[in-house]
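See structure below.
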Amino acid sequence: MKATARAHPNIALVKYWGKRDRVLNLPAVPSLSLTLDRYHTTTTVTWETQTDSVRLNAEAICGRPLQRVLDFMDRLWGPHRPCVHVDSKNNFPTAAGLASSSSGFAALALAGMAAAGREASKTELSILARQGSGSACRSLWGGWVSWDRGQKSDGSDSHGRPLAPQNHWDLRMVVAMIASGPKSIGSTQAMIQTEQSSRLYPGWVEAAPNDMVQATRAVLERNLPALGTVMEASTLRMHASMMSAEPSIRYWTPATLSVMERVEKLRKDGVPAWFTMDAGPNVKVLCDSTRADTVADTLRSCCEKVDVLQAGPDAFLL
Ligand code: DP6
């Protein structure tokens, strides 16, 4: 009754922001992501323990984060769930806008089902992982992954889908770490606040399907300028929609803007590089493998830490 799984976080190029169903985490928009290599979450699930317990990065968690995991285990098991122990470790900053919930719930779904001795397809695991955290449904696959909005109210048509494998395109994602501490407001709460009060939210939802078409084509054709352009448009629209929520949500800091300016300057100087930001101040920069060192060196002077990553693998059992 024990299994260990590893999953890698994914960074959305076309963002998921807003839900058509909050309980099932059904998105209001389609999205597209790149799963990263070196960062990962490793999770061991043991069923039929004496009590329920969850450890994250070697510390017992309690309160709402604990309840979120236990609710997920209820969903995974169904009625009469036995007690469970979950032990999860990230080798990168947790809850800092680096998508730790995407790798976290993908690894938990895979390890939890395997430890229960249940067979599940990748698509079934993706549907399950989505209910823990929306973006987790894309981390079952490596490389380039899309997530359909779907139409059905039970969510059976809203899951990750591999678009192109890990070795499809030799790009780099340069992660400019500005702050590694937890974010000021969690993404679930921030999304709800945006949906409920932002005048720009309807415009965000309306623009997403076309972003998705452009980005999908750009990935399949390996057209970096086209992908970079739509990726920046998507992140800027998402942040504009949340900044215009009431109260306003702003994850950017002066350092975030400084990185954005440096990326624009790099582009003017002939280095093709584009930025994207999630629910945190950190910036991820997409560029060609041959330009990654130039981009990383340029960003080092204004960031806590810079990591260069590339496309990562599917989630797997250890
Ligand atoms: C900005 O998947 O963390 O990273 O479904 O409420 O758990 P919940 O949200 P989450 O949101 C991720 C938002 C994002 C964009 C993205 O990954 O597409």
Practice task
Evaluate region 38-52: report whether one residue or more is touching a residue at least 40 places away in the same chain (Cβ under 8 Å), within 16 Å of the ligand (Cβ to nearest atom) and closer than 15 Å to Thr188 by Cβ.
Solution key: no
Exercise for the section: Would you mention how many residues in region 141-166 are hydroxyl-bearing (Ser, Thr, Tyr), out of contact with any Asp or Glu (no Cβ under 9 Å at 6 or more places or on another chain) and either closer than 20 Å to Ser103 by Cα or crowded, with 18+ Cβ neighbours inside 10 Å (or both)? Expected result: 1
Exercise for the section: Looking only at region 200-213, decide whether some residue is under 30 Å from Pro272 (Cβ atoms), at pLDDT 95 or above, within 18 Å of the chain's Cα centre (by Cα) and not small (Gly, Ala, Ser). Expected result: yes
Handout entry: Output for region 149-177, where each listed residue is touching a Gly at 6+ places or on another chain (Cβ under 9 Å) and within 14 Å of the ligand (Cβ to nearest atom)
Key = Ser158, His159
Exercise for the section: Starting from region 115-137, keep only residues that are under 25 Å from Pro65 (Cβ atoms), then list their pairs with residues that are charged (D, E, K, R) and surrounded by 16 or more Cβ atoms within 10 Å (Cβ to Cβ) whose Cβ atoms are within a distance under 7 Å, requiring at least 6 positions of separation or different chains. Expected result: Ala136/Arg130; Cys137/Arg130
Fill in the blank from the handout: The one condition Pro254 fails out of (1) surrounded by 15 or more Cβ atoms within 10 Å (Cβ to Cβ); (2) more than 12 Å from Leu286 (Cα to Cα) is (1)
Practice task
Can you confirm whether region 242-251 contains a residue that is among the hydroxyl-bearing types (Ser, Thr, Tyr), within 14 Å of the ligand (Cβ to nearest atom), in contact (Cβ under 8 Å) with a residue 24 or more places away in the chain and surrounded by 14 or more Cβ atoms within 10 Å (Cβ to Cβ)?
Solution key: yes
Exercise for the section: Working carefully through the options Asp87, Asp52, find the one that is acidic (Asp, Glu), crowded, with 17+ Cβ neighbours inside 10 Å and at negative phi. Expected result: Asp87
Exercise for the section: Return a yes/no flag: does region 16-24 have any residue that is crowded, with 24+ Cβ neighbours inside 10 Å and either in contact with a Ser or Thr (Cβ under 9 Å, 6 or more places away or on another chain) or under 20 Å from Lys284 (Cβ atoms) (or both). Expected result: yes
Completion exercise
If you go through Ser184, Ser146, the only one that is of a type in the set (Ser, Thr, Tyr), within 14 Å of the ligand (Cβ to nearest atom) and at pLDDT 95 or above is Ser146
Problem - Restricting region 17-37 to residues that are more than 9 Å from the ligand (Cβ to nearest atom) and either in a strand (DSSP E or B) or under 11 Å from the mean Cα position of the chain (by Cα) (or both), the residue that is nearest to Ser198 (Cα to Cα) - result: Arg20
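The values are calculated or read from the model by the stated rules, or taken from the named source; none is laboratory data. These numbers were taken from a predicted model, which means no experiment stands behind them. Virtual Cβ from ideal backbone geometry, glycine too; neighbours counted across all protein chains shown.
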